[in-house]
1. Could you name the lysines whose alpha carbon sits less than 21 Å from that of A:Lys9, not counting residues in the same chain fewer than 8 places away?
2. In debye to the nearest 20, how big a dipole does segment A:59-156 give about its Cα centre with +1 on each Lys and Arg Cβ and -1 on each Asp and Glu Cβ?
3. Can you tell me the FRET efficiency between A:Asp123 and A:Gln50 if r is taken as the Cβ-Cβ distance and R0 is 35 Å, rounded to the nearest 0.05?
4. Compare B:Asp210, B:Asp285 by solvent-accessible area with a 1.4 Å probe and give them largest first, with all protein chains kept in place.
5. In terms of Cα to Cα distance under 12 Å, which aspartates and glutamates are near enough to B:Lys323, apart from those fewer than 8 places away along the same chain?
6. Mean-square fluctuation check for chain B, GNM, Cα pairs under 10 Å: which of B:Thr166, B:Thr288, B:Thr38 is largest?
7. Is chain B best put as rounded, prolate or oblate by its Cα gyration tensor, with a ≥ b ≥ c the root eigenvalues, rounded for a/c under 1.5, and otherwise prolate when a/b is larger than b/c, oblate when not?
8. How many angstrom separate the Cα center of segment B:276-353 from the Cα center of segment B:1-34?
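The values are calculated or read from the model by the stated rules, or taken from the named source; none is laboratory data. These figures come from a predicted structure and were not determined experimentally. Reconstructed Cβ throughout: ideal geometry from the backbone, glycine too, with neighbour counts over all protein chains shown. Surface accessibility is based on the protein's heavy atoms, side chains included, excluding ligands, DNA and RNA. Shrake-Rupley method; radii C 1.70, N 1.55, O 1.52, S 1.80 Å.
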Amino acid sequence: MKVKGKVFKYGNNVDTDVIIPARYLNTSNHQELAKHCMEDIDADFIKNVQDGDIMVASKNFGCGSSREHAPIAIKTAGISCVIATDFARIFYRNAINIGLPILECPEAAAKIEAGDEVEVDFDTGLITNITKNETYQGQAFPEFMQKIIAAGGLVNSINKKL
Amino acid sequence: MGMTMTQKILAAHAGLSEVKPGDLIMADLDLVLGNDITAPVAINVFKGINAKTVFDKDKVALVPDHFAPNKDIQAAEQCKMMRQFAGEQDITNYFEVGEMGVEHALLPEKGLVVAGDLVIGADSHTCTYGALGAFSTGVGSTDMAAGMATGKAWFKIPAAIKFNITGKMNQYVSGKDVILHIIGMIGVDGALYQSMEFVGEGIANLTIDDRFTIANMAIEAGAKNGIFIVDDQTIDYIKAHSSKEFTVYTADEDAQYERTIEINLSTIKPTVAFPHLPENTKTTDEITEPVIIDQVVIGSCTNGRLSDFAKAAKIFEGRKVAKGIRTLIIPATQKIYLQCMELGYFKTFVEAGATVSAPTCGPCLGGHMGILASGERCVATTNRNFVGRMGHVDSEVYLANPEVAAASAILGRIADPSELPKL
């Protein structure tokens, strides 16, 4: 499975409070949450994001709260994949569970710039920067994670099995 | 190969005699926790997987604490949804407003967590219970739903960092300063995916409340969990609060640690985390430019316990909050509230010019009860100072211990209690 899109680039320690501020957590409606995604660090994100776009950041992406609303907001906003140097552990787990593909790749996190056109192959973990004509090797997803992502999250994956 | 405390608890709950870092296991859960923000998402997932009943109605805890007492109509709907679910499922440990409190202060107080337990909670500060020698960690709502349905969760066995604690804390230093000092040293990702295991002779000089505060903020260093050795103080606490059986796990002599960090409590000074990360720490004597503030919050799952208010009351006794400073006192549970009242702390706070709120997470996460406007600054005994955490995106939160927070309220700027004029 491959995705392709334009890159939104962020730095270190992007926390779940900026991904989706707590003031909007009085709802669990996915569309409502997506409207405020990244609002406190990038007010234009939601205006500019297109379906399939990719988010790239540096260290410790998704640190802070356990709110699953954070990966839900990113996914519902249209982001097809998040690439980072590494992820905070609860966010990592939540992203897999809700079917938001995420990839750890320090080289990609360092070299990809905002606006680059990037393609990600989930089967191989290969990241292709079309704009810069470069490739970076991320870690491929283990098979069970690929199945969860393909099903659109853990719940759908469980329901498929039943 | 020897195992750490965490590895032993995880192995025991998976029915394994040995585990090593990186192993994936399926473990039995002793308790699954959710609150009014995370449980509604989990309840939808629970219904989505066609689960009928929770695995054990005594082993699920639901606490409306974040936006409760209901801050607005939408929050009221979320609390209502959780209340209805608790009713349908006959959940034993659902705590309504009037008996509830901030979840991580409430659960140990109610005796729901003891040494050796394995607890997951859909709240990142679930790691608090490591203070009692339990393995506890934050998860998302989907994991909570799966945990409620099956009583199980998968874990990757973490490596660990050992913190060897020695010495004794000085005046105006408490658990908050210890953990801020550690986060300042290793960074907000310094323990990413790892356990923080606290051992050493100095543990005896940390009260259980100090340990709750330290374990609570393990997540702010990226840790999977923080855990303390069990000593006489722990056992006294557990026996005083719970009738549950407990198990004491100790690390093997040859347990493997990624690294060992020496912490001498006597060298730690009152410490403040500046915006916008808990790792941006300065000791109070390193603050050269006055930091003028607008608000002080004393409360939360980090520092909303009785000893925190005892310390704050001692500072406020006979003194006044500076003109124009809003000071909010938020006892974490009903029991703590009552004790503060009986011990006369509320009188001290109110006479000083502070206001007292019902238990709630409230302002800590920018929910309600003390939201900041643009450009405003707050000294808070809470756990996070991220951008926009307590309100406007251009507001600032400074994390501190209750004595520093109280002294700051009195002087109208971030202050060390030793700066206060003698009475």
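1. Qualifying lysines at Cα under 21 Å: A:Lys35, A:Lys47, A:Lys59, A:Lys75, A:Lys111, A:Lys132.
2. Working: 8 positive and 12 negative charges, 99 e Å.
Dipole size: approximately 480 debye.
3. Numbers: r = 24 Å, r/R0 = 0.68.
That gives a FRET efficiency of 0.90.
4. Working: B:Asp210 10, B:Asp285 95 Å².
Accessible-area ranking of B:Asp210, B:Asp285, largest first: B:Asp285, B:Asp210.
5. B:Asp294
6. B:Thr288
7. Taking the square roots of the gyration eigenvalues as a ≥ b ≥ c, chain B is oblate.
8. That distance is 38 Å.
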